[in-house]
Amino acid sequence: MTDTIAVTGGAGPAPAGAGPPRRRRPRSAAYVRRRLAHLLAVLLAVTFLSFVVVDLLPGDAAVVVAGDNATPEQVQQVRESLHLDQPMLVRYVQWLGGVVTGDLGRSFRTGQPVAEALAERIPVSLELAIVAQVLALLVAVPLAVYSAYRPGRLVDRTSMTLGFAGAAMPQFVLGMVLIVAFAGGFSSILPATGYTSFFEDPLRNLRSIILPCLTLMVAEAAVYRQLLRSDMISTLQEDFVLMARSKGLRPRAILLRHALRPSSFSLVTLSGVNLGRLIGGTVIVETLFAIPGLGQLIVQAVFNRDYLILQGALLFVAVAYVVINMVIDLLYLVLDPRVRRDG
């Protein structure tokens, strides 16, 4: 008779006097702390590098503020009043100290507080970016799901062709086409330029952002559709999907409950990155449609050599990028339990 060896699992009973086992801290809390520390380091690096780049721009801000006809004494007086005669590192430390206390300084050109200027422009760019992203996802996700379920069919081929055409068309060309189609000639359905605040008139606000948001949405929707379609086709070949099919689940339940969520990692990442990019990168669209957003403010600050306005805008864009990416990383914990299990 062969000897039987009993194998016991675990570490066995705790020794006497050892007390109850200590509870482990949630890994997600430690992860959030690490991400916050990383956020602070990235913000310091981005603000310092942008401060250096702005300082290296050609020209003299004191001459711009004083005017072309100013005497050298007047230019020097402006330079001293704006602390431009101090070393760049000293000015950066002073600016950073003001940021910590909530003081971003004042515009060199207008004297307007930087925080006030940003508060006027940021909601406009945020509205454009968020509405464009929502529209892009509403168009791309259903097309991608159906195209992955029926690849090579008419919907798949048509949406792919239109998507490639939309992604290849420059934004200013698409914007002008939309202006001619919906705001020019005899078809003045929508306004071609201008912006109305939502709190001033919600209906006019909706009409004023339709064309800019469509201009931003087309290329985003094309990329999202192609990315999600590719990921879902791969997911539909996984064993757990084949098992769900063998159990007789309906195709709709398989696509939406079993295949869509694990296929959305790349889509969530890309949409978050694009949202951060759109917040400060809608310069062409805002200029074309005369939208007073953050992108237009950045362009004006560069031309006017308005350091503090430019630095405040870059600070907000950097914060938006880092915070959005941290939110995306936390969404991974929700989308896939394996991320929580593996820490």
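How high is the relative contact order of the stretch 254-339? Use alpha-carbon pairs under 8 Å, at least six apart in sequence, and give a whole percent.
Values: 48 pairs, mean separation 31.4, N = 86.
Rounded, it is 36 percent for the stretch 254-339.
What three numbers, in Å, describe the spread of the alpha carbons of the chain along their principal axes, ordered from the longest?
For the chain, the Cα extents along the three principal axes come out at 109, 72, 35 Å.
Using alpha-carbon pairs under 8 Å, 6+ residues apart, how would you state the relative contact order of the chain in percent?
Working: 325 pairs, mean separation 83.2, N = 343.
Once divided by the residue count of the chain, the mean separation gives 24 percent.
Arranged from highest to lowest average of other beta-carbon atoms within 10 Å per residue, in what order do the peptides 33-45, 261-273 appear?
Highest to lowest by the protection proxy: 261-273, 33-45.
For the stretch 181-225, what does the relative contact order come out to in percent, with C-alpha contacts under 8 Å and a separation of six or more?
Details: 29 pairs, mean separation 11.5, N = 45.
Computed over the stretch 181-225, the figure is 26 percent.
Find the accessible area per residue for the chain; the probe is 1.4 Å, ligands and nucleic acids are left out, and the unit is Å². Display every interim value, and only then the final one.
On the way: 20220 Å² over 343 residues.
Counting only protein heavy atoms, the per-residue value for the chain is 59 Å².
In nm, what is the difference between 0.36 nm times the number of residues separating Val177 and Val32 and their Cα-Cα distance?
Numbers: separation 145, 0.36 × 145 = 52.20 nm, distance 4.53 nm.
Extra length from Val177 to Val32 when fully extended: 47.7 nm.
With every protein chain left in place and a probe of 1.4 Å, what is the accessible surface of Glu127, to the nearest 10 Å²?
40 Å²
Obtain the nm distance between the two label points defined at Phe199 and Val273 by a simple spin-label model: each point lies 7 Å from its Cα along the Cα-to-C-beta direction.
Roughly 3.5 nm, to one decimal.
Roughly speaking, what is the centre-to-centre gap between the stretch 155-200 and the stretch 201-215 when only Cα atoms are used, to the nearest Å?
Each part's Cα centre sits 11 Å from the other's.
Pull out the extension gain between Gln300 and Val93, defined as 0.36 nm times the separation in residues minus the alpha carbon to alpha carbon distance; nm, one decimal. Mind dumping the intermediate values first?
Working: separation 207, 0.36 × 207 = 74.52 nm, distance 2.48 nm.
Full extension from Gln300 to Val93 adds 72.0 nm.
About the Cα centre of the chain, how large is the charge dipole given +1 on each Lys and Arg Cβ and -1 on each Asp and Glu Cβ? Please answer in debye to the nearest 20. The partial results should precede the final answer.
Values: 31 positive and 23 negative charges, 414 e Å.
It works out to roughly 2000 debye.
7 Å from Cα along Cα→Cβ at both Ser234 and Leu56: what's the point-to-point distance in nm?
3.8 nm
Report, in deg cm²/dmol and to the nearest 500, the calculated mean residue ellipticity at 222 nm for the chain, where each DSSP H run with n ≥ 4 adds -39500 (n - 2.57) and the sum is divided by the residue count.
About -23000 deg cm²/dmol.
Would you kindly find the accessible area of Glu80, with a 1.4 Å probe and non-protein molecules such as ligands, DNA and RNA excluded, rounding to the nearest 10 Å²?
100 Å²
In what order, largest first, do Phe48, Phe303 sit by accessible area if the probe radius is 1.4 Å?
Numbers: Phe48 70, Phe303 160 Å².
Ranking Phe48, Phe303 by accessible area, largest first, yields Phe303, Phe48.
Please report the carbon-and-sulfur percent of the accessible area for the stretch 112-249; probe 1.4 Å, protein heavy atoms only, DNA, RNA and ligands left out.
69 percent
Highest mean first, what order results for 239-250, 278-289 on Cβ atoms within 10 Å?
Working: 239-250: 11.7, 278-289: 21.0.
So the order, starting with the most tightly packed, is 278-289, 239-250.
How much accessible surface does Asp201 have with a 1.4 Å probe, in Å² rounded to 10?
50 Å²
So who's got an amide H within less than 5 Å of the one on Arg106, skipping anything under 5 residues away but keeping other chains? H placed 1.01 Å off N, in plane.
Val114
The values are calculated or read from the model by the stated rules, or taken from the named source; none is laboratory data. Keep in mind that this is a model prediction, so the values were computed, not measured. Note: ideal-geometry Cβ built from the backbone for every residue, glycine included; neighbour counts use all protein chains shown. Please note that ligands, DNA and RNA were not included when accessible areas were found on the heavy atoms of the full protein model with its side chains. Shrake-Rupley method; radii C 1.70, N 1.55, O 1.52, S 1.80 Å.
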